[in-house]
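Q: One structure, pasted below without further comment.
The values are calculated or read from the model by the stated rules, or taken from the named source; none is laboratory data. All values derive from a computational prediction rather than experimental measurement. Positions of Cβ are backbone-derived with ideal geometry, glycine not excepted, and every protein chain shown enters the neighbour counts.
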């Protein structure tokens, strides 16, 4: 179950779709480009994306996301350069929410905004927990190879 579906009823999804822009992205297309500044948040309705970074010419896969996940939330909320690339691994259907549309949700539909914030907090917390475990594993492996 996605974080959003834990908080949203069907009418909430319909409202989000009516406010945001539903976009279809073909397999292989870049959705978000690392080190660019675009202020959009995406909610994946269907399909799968790969989140990755390119370092020294190598592709480092950070995670794969799918139906029910948000993507682009770090750059969106921090208003910073994008920290990773996001590429469609399959054809993907998403809701794109820009800053103006998010402000509309906050002002005109505060209950919807609260539900979105809860889902986003849970989403980011899950990502942080997974990253912490991965870093701990890397640290253990590093120590094992350097002792």
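Q: Kindly indicate whether residue 126 is touching a strand residue (DSSP E or B) at 6+ places or on another chain (Cβ under 8 Å) and surrounded by 12 or more Cβ atoms within 10 Å (Cβ to Cβ). Walk me through it before giving the result.
A: Values: touching a strand residue (DSSP E or B) at 6+ places or on another chain (Cβ under 8 Å): no; surrounded by 12 or more Cβ atoms within 10 Å (Cβ to Cβ): yes.
No; evaluated as a whole, the condition is false for this residue.
Q: If I ask for residues that are assigned to a loop (DSSP other than H, G, I, E, B), within 17 Å of the chain's Cα centre (by Cα) and either within 30 Å of residue 57 (Cα to Cα) or at pLDDT 90 or above (or both), which ones from segment 1-26 would you list?
A: The one that is assigned to a loop (DSSP other than H, G, I, E, B), within 17 Å of the chain's Cα centre (by Cα) and either within 30 Å of residue 57 (Cα to Cα) or at pLDDT 90 or above (or both): 20.
Q: OK, next. Output the residue which, of all residues in segment 1-58 that are free of Cβ contacts under 8 Å to residues at least 60 places away in the same chain and over 19 Å from residue 84 (Cβ atoms), is surrounded by the most Cβ atoms within 10 Å (Cβ to Cβ).
A: So the first thing to find is which residues in segment 1-58 are free of Cβ contacts under 8 Å to residues at least 60 places away in the same chain, and the list is 9-11, 13-14, 18, 29-30, 32-38, 40, 42-58.
Retained after the next criterion (residues that are over 19 Å from residue 84 (Cβ atoms)): 9-11, 13-14, 18, 45-46.
On the way: 9: 10, 10: 8, 11: 9, 13: 15, 14: 11, 18: 9, 45: 17, 46: 13.
The extreme case among them is 45.
Q: Suppose we keep only residues that are without any contact (Cβ under 8 Å) to a residue 60 or more places away in the chain and under 20 Å from residue 74 (Cβ atoms) within segment 100-122. Which one would you say is surrounded by the fewest Cβ atoms within 10 Å (Cβ to Cβ)?
A: Of segment 100-122, the ones without any contact (Cβ under 8 Å) to a residue 60 or more places away in the chain are 100, 103, 106-108, 110-111, 113-114, 117, 121.
Narrowing the set further to residues that are under 20 Å from residue 74 (Cβ atoms) leaves 100, 103, 106, 113, 117, 121.
Values: 100: 8, 103: 12, 106: 14, 113: 16, 117: 12, 121: 11.
The qualifying residue surrounded by the fewest Cβ atoms within 10 Å (Cβ to Cβ) is 100.
Q: Hey, another quick one. Listed residues 75, 57, 68, 47; which is over 17 Å from residue 19 (Cβ atoms) and more than 14 Å from the chain's Cα centre (by Cα)?
A: 57
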